[in-house]
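The values are calculated or read from the model by the stated rules, or taken from the named source; none is laboratory data. Everything numeric in this text was worked out from a predicted model, so none of it was measured. All Cβ positions, glycine included, derive from the backbone under ideal geometry; neighbour counts span all protein chains shown. Please note that ligands, DNA and RNA were not included when accessible areas were found on the heavy atoms of the full protein model with its side chains. Shrake-Rupley method; radii C 1.70, N 1.55, O 1.52, S 1.80 Å.
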Amino acid sequence: MKTRLYIFVFCLSLFGAAVFSPQSAQAQDFARLSERSIYGTARYMGMGGAMSAIGGDPSSVADNPAGLGLYRRMEVMVTMGLSMDKARQASTSNSGWMTYFSAPQASLVLAVPANNPSDEGVQFHNFMFSYQCLHSFSRNIRAAGTADASLGAVLVGLPNIPFCAERYNASNSLTLRERGYMNQFSFQWAMNISNRWFVGAGLQIQSFRMSSDGDYQETFANTDYNINRTSLLFTGTTSTLSAGLIYRPLGWLRLGFGIKTPSVGALNTYTTGTLYALTDSLRESRAPDGVRRDRSYHMPLQLSTSVAFQIGAYGLIALQYNYSHANYMADLHSLRAGFEVIPILGMYINGGYAIESPFKGLDKVVPIDPLFERRDAYFQHIRWTQYASVAIGYRGTFVMVQAAYQYRWQNTGLYAHEYARPYDINTDTHRVVVTIGWHRD
């Protein structure tokens, strides 16, 4: 009876989170800050993030907190990584390289047995405190092209701003430097019921910071030009609730479902900008420092469903579908697949693949706001993102070590302003991570 009550209350909470969670309509900035990566422990990355039905891994709990219920002992885990990123403009020699170190994950798991003498009812109450890097915004972009209309067409009607408004024959170039991160700090709880039902819930606090320095130049046939230099800084914190369920109807089959509610938080935006225009003489318009605080910043609602097949003692295969929704961007769909092979006791070999649909529509433009003195006009359309990964590891009685390599490639249409033709940007990211853990009964 108690088991049924637990499951009923849990499912009711999932329904309430899905129906009554608030939504908000936000601009392209919020969509940009809502990007996520398959990033975390070596095992999680090696399986392409397809672990929502498998659990037993700190990073998988980010998709489905019920995965924490599969732990049976205390564990401490830390992951370190090296990333190499190259953003290149298609059919040109324009490219930008970046190499940086990071710590994608750290966690502490406490497994508390319920001291239930039977196999029915609650077996474990587990708790986890964790840190995870959800996304890195760091990239360098260099691109060049032409525009159907100049930046001046965007600026027409704004007061006290000089511009060259020749509508055609505007060749242009863009240099964009972005740095930043989205980190998550979590407290999770999960419960093992009869070794068949695993339920979990959690509270997450996200901290983010992204800076962007852009230099956009247009040159016309008559030697006039526009130069638009802007500097932006986004900072803020948000909090979300999550819940999840894993059901094991058969010894070889696991079904998983997870939900993360839209977040509640604030976005701080700091901006400066200077526009130079050469007509009959050089003219300059400098925007005063701008500051804005938006208290309605929401990350999207996120859902995951998954299935995993256990192949005896030899390994497993997992499939996962992720869905994200917010009113300010197009829905995101993600398909993930991963496998694990155990050639000998204690050794694990993983492989994975994932693909994500376009992240947002073409109509999400950052307007140049004369009241806020916002001078940047950059926006992007992520057309697709794919991941391929492999990992190998060892799990002993007290210590585990695992290493993974992930290749991420992404195609983006980057717009200098709403009348510019998009730069076709291909981004290749190589990541190597090493996870070290210690566990004990």
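Once the piece of chain linking residue 144 and residue 323 is laid out straight, how much longer is it, given 0.36 nm per residue of separation minus the C-alpha distance between them? Don't jump to the answer; show the numbers that get you there.
Details: separation 179, 0.36 × 179 = 64.44 nm, distance 3.44 nm.
My answer for the length gained is 61.0 nm.
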For region 187-344, the spread of Cα positions along each principal axis, largest first, Å: 79, 35, 30
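For region 32-79, with all protein chains present and a 1.4 Å probe, just round the carbon and sulfur fraction of the accessible area to a whole percent.
Working: 400 of 720 Å².
Summing carbon and sulfur atoms, their accessible area is 55 percent of the total for region 32-79.
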Nearest-0.05 FRET efficiency for residue 331 and residue 235, computed from C-beta distance (R0 22 Å): 0.25
Largest to smallest accessible area among 311, 141 [probe 1.4 Å]: 311, 141
In sequence order, calculated HN-Hα J values of region 219-225 (Karplus, 6.51, -1.76, 1.60; Hz; x Gly/Pro): 10, 9, 5, 8, 6, 5, 7
Relative contact order (percent, whole number), region 215-278, Cα cutoff 8 Å, 6+ residue spacing: 42
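So if each residue of separation counts as 0.36 nm, and I subtract the Cα-Cα distance between residue 215 and residue 397, what length gain in nm does that give? Walk me through the numbers before you get to the answer.
Numbers: separation 182, 0.36 × 182 = 65.52 nm, distance 5.48 nm.
Working it through step by step, the gained length comes to 60.0 nm.
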Under the Karplus curve 6.51 cos²θ - 1.76 cosθ + 1.60, θ = phi - 60°, whole-Hz ³J(HN,Hα) for region 53-64, x wherever Gly or Pro sits: 9, 9, x, x, 9, x, 6, 5, 5, 5, 8, 8
Gain on full stretching of the segment that runs from residue 278 to residue 293 - 0.36 nm per residue minus C-alpha separation: 2.0 nm
Principal axes of region 171-237: Cα extent on each, largest first, Å: 78, 22, 11
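Considering every Cα-Cα pair within region 60-197, what fraction, in whole percent, is farther apart than 21 Å? The partial results should precede the final answer.
Working: 6169 of 9453 pairs.
Value for region 60-197 (Cα pairs over 21 Å): 65 percent.
Round to a whole number: what % of the accessible area of region 184-269 belongs to carbon and sulfur, probe 1.4 Å? All intermediate terms of the calculation are to be shown ahead of the outcome.
Values: 1860 of 3010 Å².
That share works out to 62 percent.
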Residues of region 398-441 with amide N under 11 Å of the 7 Å Cα→Cβ point at residue 76: 437-440
